[in-house]
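What follows is a set of notes on a single structure, which appears directly below.
The values are calculated or read from the model by the stated rules, or taken from the named source; none is laboratory data. All figures in this text were calculated on a predicted structure; none of them were measured in a lab. Cβ atoms come from the backbone with ideal geometry, glycine included; neighbour counts cover every protein chain shown. Remember, those area values only see protein heavy atoms, side chains included, never the ligands or the DNA or RNA. Shrake-Rupley method; radii C 1.70, N 1.55, O 1.52, S 1.80 Å.
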Amino acid sequence: MLKMKYPVFKDLIIFENEDFLVVNKPPFLATLEDRTPNTTNLLKLAKQHDPKLQACHRLDKDTSGCLVFAKNPEAYRHVSMQFEHREVYKVYHAVAWGTHKFEDHLVNRSILAGAKGVAKLTPQGKPAETYFTTLENYSRHTLLECMPVTGRLHQIRVHLAYLGAPIVGDKLYGGEDLYLSTLKRKFNLKQQTEEQPLIKRFALHSHAIGFRLMNEEPIKIEAPYPKDMAVLIKQLRQYS
């Protein structure tokens, strides 16, 4: 079995002061403990860096981007209250199937988290709101800005599936893998090799987060795309 190479926590830091630390979470790394045996998680790596660190929220294992840690209980409470009151500014970028023209398009559909970690839209669920705006159109795909107001399980993924714009690679909610052979007309694969998808996860990235520091000063932090997302967008631009 291949041994997973874990990132060095300090290399992930994109903002730090005496109270908070924001990292650019890599994909394929759970935020907290999950059910997979013999694996680490971001919180474990954070505690090795500084035992006092607490994760203020979480991202799905496959999702990359901005994740906030607090260095003390007061800071943790301060940001937790902002999350609770929906005062945290959150911007995600997603590559979706289909060409869509959204301009601050609001999806207001309740979400129910199922027992097996699958979310579904139902009036019996909890209220969920997300705004969507088109950033770039390609021939058969769209780069979208997603701004969730609430924080339900798989919210962006479920709301995009509802719009008929499932995220590339999000097989759980109807988004197929994307291969270079479907974009590039003259694509030759070496014999005896199996083509790999352009991105081996769903294409969702927490691009920016904004909150108030302990002195109430607002701050906004942006996380650059990880390599897989950057390559995907580059190929879409090139072959669309």
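Note down the magnitude of the dipole of the chain about its Cα centre, charges +1 on Lys and Arg C-beta and -1 on Asp and Glu C-beta and zero elsewhere, to the nearest 20 debye.
Computed charge dipole of the chain: roughly 880 debye.
Which of 44/71; 5/44; 120/234; 25/101; 10/44; 71/126 have a Cα-Cα distance over 23 Å?
Pairs exceeding the cut-off: 120/234; 25/101; 71/126.
Got a sec? Charge dipole of the chain, +1 on Cβ for Lys and Arg, -1 for Asp and Glu; which of 175, 149, 45 is way out at the positive end?
Checking the options against the dipole of the chain, the answer is 175.
Considering only protein heavy atoms, what per residue accessible area in square angstrom results for the chain with a 1.4 angstrom probe?
On the way: 13260 Å² over 240 residues.
On a per-residue basis, the chain sits at 55 Å².
In nm, to one decimal, how far is the modelled label at residue 136 from the one at residue 222, with both set 7 Å along Cα→Cβ?
1.4
Over the chain, with every protein chain in place, what whole percent of the accessible area is carbon and sulfur at 1.4 Å, could you tell me?
52
Which aspartates and glutamates does residue 47 reach when only Cα atoms under 19 Å apart count, and residues fewer than 8 places away in its own chain are ignored?
Candidates past the 8-residue exclusion: 11, 16, 18, 19, 33, 34, 74.
Projected onto the charge dipole of the chain (+1 at Lys/Arg Cβ, -1 at Asp/Glu Cβ, origin at the Cα centre), which of 32, 203, 76 gives the Cα projection farthest towards the positive end?
203
As I understand it, the value is the acute angle between the Cα axis of helix 73-84 and the longest principal axis of the Cα atoms of the chain; what does it come to in degrees, rounded to 10?
50
Pop a pseudo-label 7 angstrom from the Cα along the beta-carbon direction at both residue 179 and residue 150 and give the gap in nm to one decimal.
Between residue 179 and residue 150, the label points sit 3.9 nm apart.
Quick check: the angle from helix 227-239's long axis to the longest principal axis of the chain, C-alpha only, nearest 10 degrees?
40
For the chain, with a Gaussian network of springs between Cα atoms less than 10 Å apart, report the residue from 226, 197, 73 with the top mean-square fluctuation.
73
Under 10 Å, Cα contacts only: if you run a Gaussian network model on the chain, which one of 142, 182, 133 comes out with the highest mean-square fluctuation?
Highest fluctuation among the options: 182.
Of the listed values (i) 61; (ii) 35; (iii) 30, grab the one calculated as percent of Cα pairs over 28 Å apart from the structure here.
Answer label, from the structure shown: (ii).
Please give the calculated 222 nm ellipticity per residue for the chain, where each DSSP H segment of at least 4 residues contributes -39500 (n - 2.57) and the sum is spread over every residue; nearest 500 deg cm²/dmol?
Working: 6 runs with 49 residues, N = 240.
It lands at -5500 deg cm²/dmol.
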